[in-house]
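No lab work stands behind these numbers, since they all come straight from the coordinates. Because the structure is a prediction, the values reported are computed rather than measured. Virtual Cβ from ideal backbone geometry, glycine too; neighbours counted across all protein chains shown.
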């Protein structure tokens, strides 16, 4: 059998000591292959060590061919490279299979079009989760398609090919069964294979740094540094020094030369957390570095070239910041190439209890605590909580509950006593003022409704228990109040 494939980013990582050896290696190991013919559009310096290593692993004929592509998503260029490549191979009249997994969705779409129509090919895909599998493409396309149609970059074909792109194992730490989060993991995997800037939106505690780390670990830069900088924590007078470094004597306290984070991250990834907090004057200098690839340390007259990938994260709406003049539009578009919007925990349906069970296992193992389970009532408390601190708040709450509880099963009391009380958005001592339109009854109604809702949460929606907490004579009284205030 002859196997053909593009060389992908996950394949090149095989020689960096990663446990995963990439789709090409795993497919060769799992199939009876006599020849391997590869296409690639990476720099020769990155591919040659991989080819030497791969040749040492298998005693088969391996050929490779460089393909110039202005973009790895240009359908026309990919088609013009792949069509003659396959045409020469089929002249051999030997069973030929295509490995779909490496490469971009556009590359996979062209494989499928040519392999199902103009040429009679078999298909394989390889992933860490499912191993190597033979693929049955469940449709037929007329062989008389026009290559010019490919340049339109059909969304349907892109979606079809994305189905065959497995989520990289670097994202295994992001636990979810929510379809939106699964889609985000897939998009992040696609982003990881492309050396482009990325911007991650999300509330505090939604896992922005976790995604950034996974993108780095799944990229070609995984063997290089990942440097994290909290832009909101840098003193304004030290921004240039921290980002770009300084030379000895450049300012008071500069007793020695010091590298900035750009130079420290050279070859790797720079994660700029709280990106929206950068002051405007720092944004100007950052943009200049991203455009030129050169940094000049404070106090130095010599610039230095750096090669880094930028991943930024923020909980601010940067488009609003741009419109208000607080964030530079040119910097925004420079970084917002691959954009991920992480949902808050309260919107991740089906994930909360899954995360609870996973976190409890991690907590008990790390803290050397006897295994803990969680009661149904405690789960109801968790499901009814808004989790404004998201995953970070959930973890710290479970950690406190596991540490303080002496029981093997965490109760609703263990959870409620571990939650931090947040002050109401309405501070009645300052917000409610006497004047036209003031109503004491409306103040009382708001306060009553707030306490009813709180009692229902604490009681796990048990009306009898909630009525007792509120000092009411019976749950019927509570029922009447709930109807009055429209509480379900």
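Annotation: extensible slack from residue 255 through residue 442 equals 61.0 nm (criterion: 0.36 nm per residue apart, minus Cα-Cα distance). The distance from the alpha carbon centre of the range 13-45 to that of the range 95-128 is 15 Å, rounded to a whole number.
Can you give the extra length, in nm with one decimal, that the chain gains between residue 73 and residue 1 once fully stretched, where that is 0.36 nm per residue apart less the Cα-Cα distance?
23.1 nm
A compact globular protein would have a Cα radius of gyration near 2.2 N^0.38 Å; the ratio found for the range 325-367 is 1.96. Using only the alpha-carbon atoms, how far is helix 75-90 inclined from the longest principal axis of the chain? Give it as 0 to 90 degrees, nearest 10. Approximately 50 degrees, to the nearest 10. Relative to the current alpha-carbon distance between residue 264 and residue 487, full extension at 0.36 nm per residue lengthens the span by 74.7 nm. Spatially, the range 187-242 and the range 456-482 are offset by 48 Å when compared through their Cα centroids. The convex hull built on the alpha-carbon positions of the range 177-226 has an orientation-averaged projected area of 3.8 nm². Restricting to bridges with both residues inside the chain, how much of the DSSP beta-bridge set is antiparallel, in percent to the nearest 5? Once the DSSP bridges in the chain are tallied, antiparallel ones form about 20 percent.
If a spin label sat at a point 7 angstrom from the Cα of residue 324 along the line to its beta carbon, the backbone N atoms of the range 258-280 nearer than 18 Å would be those of 274-280.
Starting from the alpha-carbon convex hull of the range 346-416, give the projected area averaged over all orientations, in nm².
Directional mean of the projected Cα hull area for the range 346-416 stands at 4.2 nm².
For the range 296-415, relative contact order (Cα pairs under 8 Å, six or more residues apart, normalised by length) works out to 22 percent.
Here the sum of -39500 (n - 2.57) over DSSP H runs of 4 or more residues, divided by the residues of the chain, equals -12500 deg cm²/dmol at 222 nm, to the nearest 500.
Specify whether the C-alpha gyration tensor of the range 1-101 places it in the rounded, prolate or oblate class, a ≥ b ≥ c being the square roots of the eigenvalues: rounded for a/c under 1.5, otherwise prolate if a/b is larger than b/c and oblate if not. Cα axes put the range 1-101 in the oblate bin. Each of the peptides 229-237, 293-301 was scored by the mean count of other Cβ atoms within 10 Å over its residues; in descending order, highest first, they stand as 293-301, 229-237.
Take every pair of alpha-carbon atoms less than 8 Å apart whose residues are at least six positions apart; their mean separation over the length of the chain yields a relative contact order of 11 percent.
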